[in-house]
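Every number in this text was worked out from the coordinates using simple rules, so none of it is lab data. If you're wondering where the values come from, they're calculated on a predicted model, not measured in any experiment. All Cβ positions, glycine included, derive from the backbone under ideal geometry; neighbour counts span all protein chains shown.
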Amino acid sequence: SIMRKRKTTDSSTDLSEGRENLRLKQEVGLISGVSLIAGTMVGSGIFMSPEWVLYHMGSPASSLLIWASCGLLAMFGALSYAELGTIIKESGGEYIYILRIFGPLPAFLFAYTSVILVRPSSLAAVCLSFAEYAVAPFYPGCSSPQMVVKCTAAACILLLTIINCLNVKLVTSIMNIFTAAKLLALLVIAVGGLVLLAKGHTQSLQNGFQNTTAGIAPIGVAFYQGLWSYDGWNNLNYVTEELKKPEVTLPRAVMIAIPLVTCLYLLVNVSYFAAMTPSELLSSGAVAVTWGDKVLGSWAWLMSLFVVLSTFGSSNGTFFSGGRLCYSAAREGHMPDILSMAHVRCLTPSPALIFTSAMSLIMLLSGSFTTIVNFFSFIAWFFYGMTILGLLYLKIKKPELPRSYKVPIIIPLIVLVAAVYLVLAPIIDQPQIEFLYLVLFALSGIIFYFPLVRFKYHPRFLQKITLHLQLFLEVAPTSRNEN
């Protein structure tokens, strides 16, 4: 049932009172919550995806419609998740909602897929984008060596691991600073575009729907590329137990962050079209840098700097929430016990963060940006749809459950229809064998679920390893924050 009893070891005792129970600190307020959402959403996507959205849609006006629709869908999804977060006040996002509503097997499959494949792939992709822009000034006139790029991306992941393991306040401070920097970058591009429009640079937007592509698959793939730029709209639900007054902070942060980012994204895309023709935009390997060359002149280097800051900040937000997913799954017995523990002094889930870091480093060895985006979006929207289905179940079957915020039922219904479309459209129109591989990988989790979770088979050597790691990492089991 939805409100399954929690373990009796949970208590409201804080570490400072000298008891043995540990818990994560509630240090994420409204400003930090807005920064976590906006800071994760604004990453590499808005600087890399516009050309791919235009490529699949064929015209500027239809591209802008996709960007607006993606923002609306992200807003609807986040509002639906806000209600879930006020019903189930636990960290873990989709994982904890699927677990409480549908049971352990589907929740385990989600955690298994996300912790091992989806989250590390997403983090690796953003860190690769960061590295590409960070090393580009050292190789003027030629492409950067892949070894240098990957080593820089690896260094970024290791630095994020250290920061996130040390202190939650340090992480949120970094998020606030980098979010301000990246919003400033988008504001510079938006204002530059408005100036160009005022000067009469409207050629690309005249007959804006000319050459628009019609078809189920192109629209679906265009949505994938656009939604990649909005990914992170659900990140605050991964840290619910670390929010101050989550019943207030969660919906407010969503209502501030997502409309802000959507408006900036639309203005930035208009600015791109004001500065470049569609053909120029399509041929640009880095659309923000090309825009800078055309509009800022000798100050064009600012764009590369802004992209570096943006991708680093987004990596930080992705890492912060991804570690919490791993931590929550381990706390429910769906991952090794060591991953459910927190550092006894820093009060951060350091084992889960270290594991996420290790998996991301492995993902750096292979994969291209576009491929990662498409396959990440496919598997992510399958589980988003499943989570929204859970909310609809609670609204219809469990209306008596206490909740401080309610979303109109039409909103999750729209998100569910969109999720079904995004999952099925590319498969029906242009089936690829890689989608089958993803499904098989997710289902392969059943092999591990029954012996390790269902029948709780824990080899003795694993218990010894856990004990040694616990001593080495200075970590201990935690209790939930009771909101």
Farthest toward positive dipole pole in the stretch 30-476 [+1 Lys/Arg, -1 Asp/Glu at C-beta], among 438, 144, 273: 438
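Of the listed pairs 89/397; 89/182; 169/245; 182/294; 89/406, which have alpha-carbon separations greater than 26 Å here?
89/182
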Residue-wise HN-Hα coupling along the stretch 119-127, computed from phi with Karplus coefficients 6.51, -1.76, 1.60 (Hz; x: Gly, Pro): 5, x, 5, 4, 5, 4, 5, 5, 5
Stretchable slack from residue 69 to residue 151, in nm (0.36 nm times residue separation minus alpha-carbon distance): 25.8 nm
Charged-residue dipole, Cβ positions (Lys, Arg, Asp, Glu), the chain about Cα centre, Debye nearest 20: 1160
Förster radius 45 Å - calculated FRET efficiency between residue 298 and residue 460 (Cβ-Cβ, nearest 0.05): 0.10
Hits among lysines - C-alpha to C-alpha of residue 464 under 20 Å, sequence gap 8 or more where chains match: 456
Cα-based helix-to-principal-axis angle, 350-363 vs the chain, degrees rounded to 10: 40
Additional length obtainable on full extension of the chain from residue 202 to residue 180, 0.36 nm per residue less Cα span: 5.0 nm
Formal net charge of residues neighbouring residue 355 (Cβ-Cβ distance under 14 Å; K, R +1; D, E -1): +2
Relative contact order (%) - criterion: Cα under 8 Å, at least six apart; region: the chain: 34
Angle between the chain longest axis and helix 168-198 axis [Cα atoms, degrees, rounded to 10]: 20
Where only C-alpha atoms are counted, convex hull volume of the chain per residue in Å³: 145
Low-density loop cleavage sites - chymotrypsin sites (Phe, Trp or Tyr not before Pro) in the stretch 133-214, where at most 13 other Cβ are within 10 Å (DSSP): 209
Coordinate range along principal axes, alpha carbons of the stretch 142-207, Å, largest first: 51, 35, 19
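What is the Cα convex hull volume of the stretch 251-293 when expressed per residue in Å³? Mind dumping the intermediate values first?
On the way: hull volume 3.2 nm³, N = 43.
With only Cα atoms used, the stretch 251-293 gives 75 Å³ per residue.
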Length added when fully stretched, residue 358-residue 409, from 0.36 nm per residue minus Cα-Cα: 14.3 nm
Along the chain, longest interval not containing exposed GluC sites (Glu not before Pro), exposed being DSSP loop plus at most 15 other Cβ atoms within 10 Å: 21-399
Pairwise label distance in nanometres, residue 420 with residue 217, each label 7 Å out on the Cα-Cβ vector: 2.2
Projected label distance in nm at residue 428 and residue 441, using a 7 Å step from Cα toward the beta-carbon: 2.6
Phi to ³J(HN,Hα) by Karplus 6.51 cos²θ - 1.76 cosθ + 1.60 over the stretch 232-240, Hz, x for Gly, Pro: x, 4, 9, 5, 5, 5, 7, 10, 3
Dipole of the chain, positive end: most advanced residue of 80, 184, 313 [Cβ charges, Cα centre]: 80
Whole-Hz ³J(HN,Hα) from phi, Karplus 6.51 cos²θ - 1.76 cosθ + 1.60, for the stretch 396-412, glycine and proline x: 8, 8, 10, x, 7, 4, x, 8, 8, 9, 10, 9, x, 5, 5, 5, x
Approximate spin-label separation residue 472-residue 344, in nm, with each point projected 7 Å along Cα-to-Cβ: 1.7
Residue 283-residue 210 FRET efficiency (beta carbon distance; Förster radius 22 Å; 0.05 resolution): 0.75
Alpha carbon centroid spacing (whole Å) that separates the stretch 112-155 from the stretch 398-420: 37
Charge dipole of the stretch 201-339 about the Cα centre (unit charges at C-beta), most positive-ward option of 215, 233, 204: 204
Trypsin sites (Lys or Arg not before Pro) within the stretch 417-462: DSSP coil, no more than 13 neighbouring Cβ in 10 Å: 456
At most 15 other Cβ within 10 Å, DSSP loop - trypsin sites (Lys or Arg not before Pro), the stretch 244-336: 244
As computed over the stretch 176-234, the Cα convex hull volume per residue (Å³): 99
